[in-house]
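The values are calculated or read from the model by the stated rules, or taken from the named source; none is laboratory data. Only a predicted model underlies this, so the values are computations on that prediction, with no experimental measurement involved. Positions of Cβ are generated from backbone atoms using ideal geometry, with glycine treated the same way; all protein chains shown enter the neighbour counts.
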Ligand SMILES: [Zn+2]
C-alpha cells in the first residue's frame, strides 16, 4: 500500500515578493467553489454561513455564477453538505484544485494591474468588494478588490505559474 | 566649427554638460537640448542624405514632422534607425549616426543618383524597371533598395523592456500647448479625471517658445491636482472606435542606461469619456529651388531653437514668409543679436507692422537657394528686379496647417476653409473636440480661451455641472490667409516631400500623365508616403495639384489619415509578450512528475505535454517510443491525459441537451456509465469526439480533445444560450481541476487495485464504467473511467490536481513489480493508430461519421441534433467518399509518411489520379513495420487492393496495400479483459 | 469594429475579451424544414451596410453569449443584450 497522498500547491515554490509599493503572494490552496444557477448572493451567503463557512468570501462571477473561496481545504463530507443544501436548479462544481488564488497588495497594486486588464480600477469604479472576470494580458482571471490597496486574482491552475511569473516581472 | 550657442537665454541648464557623439565625433550640449538643437549649437547643419537623390540635408523643423534629420541612435541591440533628431532628448552617452550615405556623410557616392534623376522622376517605379520581368527581383529591386533607403535595423535582440497599460479618464487632453493646458486646468479644477499627454519632454507647446509667464503657474497647479496626470514624452498615435486612444510614452529613451526594471517605452490604451485635441498647427514649407539645402529651416523651428535652446542656426539669416510668423522669427533673431539679411514676402504689403532693422522685400520671392552642403546665398526676384543675398540660414513660413491627423482616424473628412487657407477637421465629433490652433485659432490668448471653453463643454456632456472655464474666450483677429503653393521660375529642384525626394516637377508630371487625383498622385509620385506621412508635404502637394488642374484645393481633397500619427516601435506594440512571455505556458498538474521521470516535452497549443520518456542507453526517440508501446501491450503504462478538455454539465435538462449536441444518443445513458460521443457541426461534418459519463441524473462529465477544449465549451454555451435557452443546463470547465491519468495495459487492473478501494474487476467495473471512487483507504476521492484509447485493458483515473504527482508516484510504485512505465503522447499516438482510433488528423473538417466507420452510431430516432438535417443531403452518404481504412507497405522493410497520397496501382502520379491520403502513420513495434490510417475513395470496399503511396514533395513511392484500420486485436479481447 | 463592448453583466470591456460568431438574426430551422432552408441557414450570409446584429461571446469574461447591434459603417454599438435572456423575453 503506497503512502498517503499529499497535495502539492502549484505555486509552492514561490515566496512572497515585495517590490516598491507591491507585495505579491500565492494564497493557500483552500477552497474555490463555483456555484451556478437561479439563486442570489444573499441566499448563498446564508447557505455558506449555515454550513460553517463564515470565513469564506462569496464573489459574483457573472450571470448566475459565483465563487465561494477560503483558505481552508474542504473534505468530501463538508462539500457534500453544501451541495445537499443548495436550492433546486443550483449547482456546485468544486474548483479548489482547478483555480489558484494570488494576492496583490500595496500602493502600486492598481498601477500594476492596469498593465494587464482594461477594467477601470479607480476607487470610484471598482471599490472594495467589486469583482470582474477579465483578461490579464493573455490569461483569463477573476479579479476581486479585497481591500483599499489589496486585490485577489483567481486563475486556472495550469496558467498559475505563467501568470505569477508575469506578475513578478511587472512587480520588480 | 563655430559655436552657435548664444551666451544667454533659453530653457537649458548651462551648469551641466552632456556628452554625446555624432558620426563618431565627440560633442557636448546641455539638459534641455534635443539632439537637433545640440547639433545646431555645434554648428552642424548637414545631418543626412536624402532618400532618392542622396542630397545633403539639414534640420528642417523642431518637432515630430521632421523629414530630413533622421539618424540612427544607440549601439548593438539598442540600435534604432530613422529616429528624428528633433524628437531625441539629449542625454549623456547618446550615440547618433547619420544614415543613407556611403562612405561618409560629406562624401557620398550615392549622390550620383542626382545625375540619374531623369530616370528617377515620378512613376519611375512603374516605368523604368518594367522589363525584362525577371530583372525586377534580381537586379532592379536590390539596386533600388541599396541606393534609396533609410537606416538599417539591427539583427541583435533588443535588451530593453517594454510594457503596455490601460488608462481611464473623463478627459484626455492631447497636446500641452496653450489650448491643452487651459483644457486640462479647467477639467482638473472641476474634479474630473484628466490625462494630459504631450509628445515633448517639456509641457507648454508654443508657450515654451513664446516665454509666456503663465506657463509656470499653470504647470504648478496641474502638478498639485491629484486627479490630473501629466504624461510628457507621450505621443497619442491613434484614435479608435469608442473613444479609445493609443499612445506611446518614451519612459527611458532619454537616459544612457535604462533601469532594467522599468520599460523604455510604454504603450497606453486610453479609454476616454471625452477628449480635447489640442495638437496645434504645423508650419508649411515654401516650395522653391534648393529649399532643401542645409540651413533652410522652418521659421517656427528657428524661433524654437533660439528661444528654447538659445541656438542661432545661422550668423546671417534671410526670412522668406507669407504670413506673420516670419516677422516673429525675424524679431526674435534681431532681439538675440543675429543679423537678419532681409525679409522676403510675396505679398504686396506686409501687415505685420514690422519695426525691426531688416529690410522687407515685398512682392518678392526667393526663387532659388544656392549652396551644396550648406546654404550660401539666395536668389530673389521681385517687382524691383532680381538680386542675390548671401546668407547661411533661411527661415521660411508658408502659413499654417492645423494638425488634425487624429481627428480623421475614424473616417471624418477634412474640409477646406478659404478663410484659413487650410483643411480643418469637424470641430466636434462624438467624444472628441478640437481646440486651439488645431481648430484654426492663432493667438495664444484665443487658444487659452478656446481650450478652457471646450473642456467645460466636453465635461458638461458627461454630467459635470457648471464647469468654470479657467481662461476667458478671446477674440482672434486673424486676417484671412492667402495660400502660396510654390514659387514660379525656380531653376533648382523645389522639394515638396523632403523625405521621399518628391519635387514640384514630379507633381506636374503626375497631372500631365493622368494621375492628378490626390490618391493617384500620392502613389505615382510617392508624395506623403514616407514615414512622416506627408506632415509637411501633403498640403503643398494638394495646392500644387489644385493649381495644375485649375480647381480649388477643396476639390482635390486630402488623402486618408491613418494611425499611427508617428512611427511606433515594435517593442512598444509587443509590450511584455516576448521571449518566455510570448504566450503563456500551460502546465499539466503532472508536469513535475513527468519531468522527474525524464520526459521530453512538446508544445501543443499552449500546453507542454510529455512526448516520451527516454531511458539510459536510448539514443533516438523511436527507441523510447517503441519500448513504451511494447511494454504497454505486454505490461502497463501510465500517461498524463490531463490536457484533454473536461467539462462538468449540470441541470435537469442536461441529458436532453447532450442528445441534441451529439449525433448519437445520450439521454438514456445510465448513471455510472461512459459513452463515446461524436459532435457534428451544423453542416453535418464531424466537429469533435470524446467520452461523456453520467455521474448522476443531472450531472454529466464530458471530455474533449486537447485541441478543441476551449472550442467545445464555447460551442456548448452557444447551443445552450442561443439555440435552446429554455433548457436548464450549466457548464463548468474542470480541465484544471482534475489531473487525469491513463493507466493502460494488461496489468493495469492489478496495479490500480492497490490504490482504488472498490472492486474494479471486469464484472464489477466493466468496460465503459464511470464512477466516483474511494482511494488510499478512503483518504482521497477520485473519478475512475474504464475507457481505452490504446485498445488495451485500460482506465482513466481523475484526482484533484494538487494530488496528481503524489498519486502518480503511488501508481508507479504499485506498478513497479508489474513493470509499469511512463509513456507520452508519441506512444499514445502509436497505440491509437495500431487500434485504428481517430484524432483530429482524421477529423479534418471534411469527414462524416460514416466516413470514419461510425455511420451506425448516428441516431435515426432522435428528432433533432446538431448536423442532423445537413447530414442527409446529397453526397454526404456517397460510397465513393474518402473513407477510413488502414494502409501498410507490401514490403515491410519499406515505409511511407503521413500526408502521402494514394494512387491506384499503375496510375500515373498526377493530381487527377489522387485517391486520398495518409492521415496518420507510424512504425508499429508490435507488427514490425510502418502502418497508416488513410482516407481513401471508397476505401472500405477496397480492402486488399494494391496501391501506390506517393509523396509528391519528396518524390517517394511506396507499394502498399489497403487494409482494415484496426491492426491490433480486432475482436477487442484485450479491451474487455 | 468596436473597441469596447459593454457587457450587460460585466460592464465595459475591450474587444480582446470577446469572440464573434456572426449574424444573430438567424433562426435555426426545424429539422424537417427542407434542404433550401437549411442551406440558407448554414451557408448564406448577408453583409449589411449599416445596422447589424451579431453574436459576441464574452469568452474571457462571464462566458455569456451576447447580441451586439452595431453599425458596420460608423462602428457605433447601438445595443448589447444577453442572447438567452433576450430570447426568453426577459430583460438583459
Ligand atoms: Zn460579460
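Looking at (1) within 22 Å of residue B:270 (Cα to Cα); (2) under 16 Å from the mean Cα position of the chain (by Cα); (3) more than 16 Å from the ligand (Cβ to nearest atom), which one does residue C:25 not meet, given that it meets all the others?
Exception for residue C:25: condition (1).
Which condition from (1) under 30 Å from residue B:762 (Cβ atoms); (2) surrounded by 15 or more Cβ atoms within 10 Å (Cβ to Cβ) is the one that residue B:977 breaks?
So the condition that residue B:977 fails would be (2).
Can you tell me which residue within segment C:46-66, out of those that are closer than 26 Å to residue A:141 by Cα and away from chain A (no Cβ under 14 Å), is surrounded by the most Cβ atoms within 10 Å (Cβ to Cβ)?
Only one residue tops the list, namely C:56.
Quick one: which strands (runs of 3 or more DSSP E) sit completely within segment C:40-90 and have at least 3 residues that are away from the ligand (no atom under 16 Å from the Cβ), at pLDDT 95 or above and more than 29 Å from residue B:685 (Cα to Cα)?
C:65-71
Go through segment B:438-456 residue by residue and tally those that are touching a strand residue (DSSP E or B) at 6+ places or on another chain (Cβ under 8 Å) and in a helix (DSSP H, G or I).
5
In the list B:202, B:190, which residue meets the criterion of being closer than 18 Å to residue B:275 by Cβ, surrounded by fewer than 24 Cβ atoms within 10 Å (Cβ to Cβ) and modelled with pLDDT of 95 or more? Show your work before the answer.
Details: B:202 fails: closer than 18 Å to residue B:275 by Cβ.
Selected residue: B:190, the only one of B:202, B:190 that is closer than 18 Å to residue B:275 by Cβ, surrounded by fewer than 24 Cβ atoms within 10 Å (Cβ to Cβ) and modelled with pLDDT of 95 or more.
Taking the condition within 16 Å of the ligand (Cβ to nearest atom), more than 10 Å from the chain's Cα centre (by Cα), outside any loop (DSSP other than H, G, I, E, B) and facing another protein chain (nearest Cβ under 7 Å), does residue C:13 pass? Reasoning before the result, please.
Numbers: within 16 Å of the ligand (Cβ to nearest atom): yes; more than 10 Å from the chain's Cα centre (by Cα): yes; outside any loop (DSSP other than H, G, I, E, B): yes; facing another protein chain (nearest Cβ under 7 Å): yes.
Yes, satisfied.
Restricting to segment A:121-132, name every residue that is away from chain B (no Cβ under 13 Å) and in contact (Cβ under 8 Å) with a residue 24 or more places away in the chain. Let's see the steps before the verdict.
In the first step, residues of segment A:121-132 are kept if they are away from chain B (no Cβ under 13 Å); the result is A:127-131.
Answer for segment A:121-132, where residues must be away from chain B (no Cβ under 13 Å) and in contact (Cβ under 8 Å) with a residue 24 or more places away in the chain: just A:131.
Quick check on my filter: what residues within segment C:1-10 are within 12 Å of the ligand (Cβ to nearest atom) and closer than 20 Å to residue C:73 by Cα?
Across segment C:1-10, the qualifying residues are C:5, C:6.
Which condition breaks for residue A:103 when tested against (1) buried (at least 23 other Cβ atoms within 10 Å of the Cβ); (2) more than 16 Å from the ligand (Cβ to nearest atom)?
Of everything listed in (1) buried (at least 23 other Cβ atoms within 10 Å of the Cβ); (2) more than 16 Å from the ligand (Cβ to nearest atom), residue A:103 misses just condition (1).
Are any residues in segment A:88-120 touching a helix residue (DSSP H, G or I) at 6+ places or on another chain (Cβ under 7 Å), more than 8 Å from chain B (Cβ to nearest Cβ) and touching a residue at least 60 places away in the same chain (Cβ under 8 Å), and if so, which ones?
A:100, A:102, A:104, A:112
Take the residues in segment B:809-837 that are within 12 Å of residue B:751 (Cβ to Cβ) and in contact (Cβ under 8 Å) with a residue 60 or more places away in the chain; name whichever of them is surrounded by the fewest Cβ atoms within 10 Å (Cβ to Cβ).
B:819
Kindly indicate which of B:885, B:847 is touching a helix residue (DSSP H, G or I) at 6+ places or on another chain (Cβ under 6 Å) and in contact (Cβ under 8 Å) with a residue 24 or more places away in the chain. Step through it out loud before you land on a result.
On the way: B:847 fails: touching a helix residue (DSSP H, G or I) at 6+ places or on another chain (Cβ under 6 Å).
None of the other options fit; the residue is B:885.
Tell me, yes or no, whether segment A:69-87 has at least one residue that is within 26 Å of residue C:58 (Cβ to Cβ) and within 14 Å of chain C (Cβ to nearest Cβ).
There is no residue in segment A:69-87 that is within 26 Å of residue C:58 (Cβ to Cβ) and within 14 Å of chain C (Cβ to nearest Cβ).
So residue B:796 clears everything in (1) touching a strand residue (DSSP E or B) at 6+ places or on another chain (Cβ under 8 Å); (2) under 24 Å from residue B:821 (Cα atoms); (3) within 14 Å of chain A (Cβ to nearest Cβ) except one condition, right? Which one?
Condition (3) is where residue B:796 drops out.
Quick check, is residue A:63 within 13 Å of another protein chain (Cβ to nearest Cβ) and more than 16 Å from the ligand (Cβ to nearest atom)?
No; evaluated as a whole, the condition is false for this residue.
Given the options A:153, A:135, name the one that is within 16 Å of the ligand (Cβ to nearest atom) and either more than 9 Å from chain B (Cβ to nearest Cβ) or surrounded by 23 or more Cβ atoms within 10 Å (Cβ to Cβ) (or both).
A:135
Looking only at segment B:476-488, decide whether some residue is in a helix (DSSP H, G or I) and under 21 Å from residue B:326 (Cβ atoms).
No; the residues of segment B:476-488 include none that is in a helix (DSSP H, G or I) and under 21 Å from residue B:326 (Cβ atoms).
Go through (1) in contact with a helix residue (DSSP H, G or I) (Cβ under 9 Å, 6 or more places away or on another chain); (2) within 16 Å of the ligand (Cβ to nearest atom); (3) farther than 30 Å from residue B:862 by Cβ and name the single condition residue C:19 misses.
Unmet for residue C:19, out of (1) in contact with a helix residue (DSSP H, G or I) (Cβ under 9 Å, 6 or more places away or on another chain); (2) within 16 Å of the ligand (Cβ to nearest atom); (3) farther than 30 Å from residue B:862 by Cβ: (3).
Among the residues of segment B:747-767, is there at least one that is touching a residue at least 12 places away in the same chain (Cβ under 8 Å) and under 40 Å from the mean Cα position of the chain (by Cα)?
For segment B:747-767, residues touching a residue at least 12 places away in the same chain (Cβ under 8 Å) and under 40 Å from the mean Cα position of the chain (by Cα): absent.
Is it the case that some residue within segment B:546-553 is out of contact with any strand residue (DSSP E or B) (no Cβ under 6 Å at 6 or more places or on another chain), part of a loop (DSSP other than H, G, I, E, B) and crowded, with 17+ Cβ neighbours inside 10 Å? It would help to see each step written out before you state the result.
Of the residues in segment B:546-553, the ones out of contact with any strand residue (DSSP E or B) (no Cβ under 6 Å at 6 or more places or on another chain) are B:546-552.
In the following step, the residues that additionally are part of a loop (DSSP other than H, G, I, E, B) were identified as B:550-552.
Among the residues that remain, those that are also crowded, with 17+ Cβ neighbours inside 10 Å are: none.
No; the residues of segment B:546-553 include none that is out of contact with any strand residue (DSSP E or B) (no Cβ under 6 Å at 6 or more places or on another chain), part of a loop (DSSP other than H, G, I, E, B) and crowded, with 17+ Cβ neighbours inside 10 Å.
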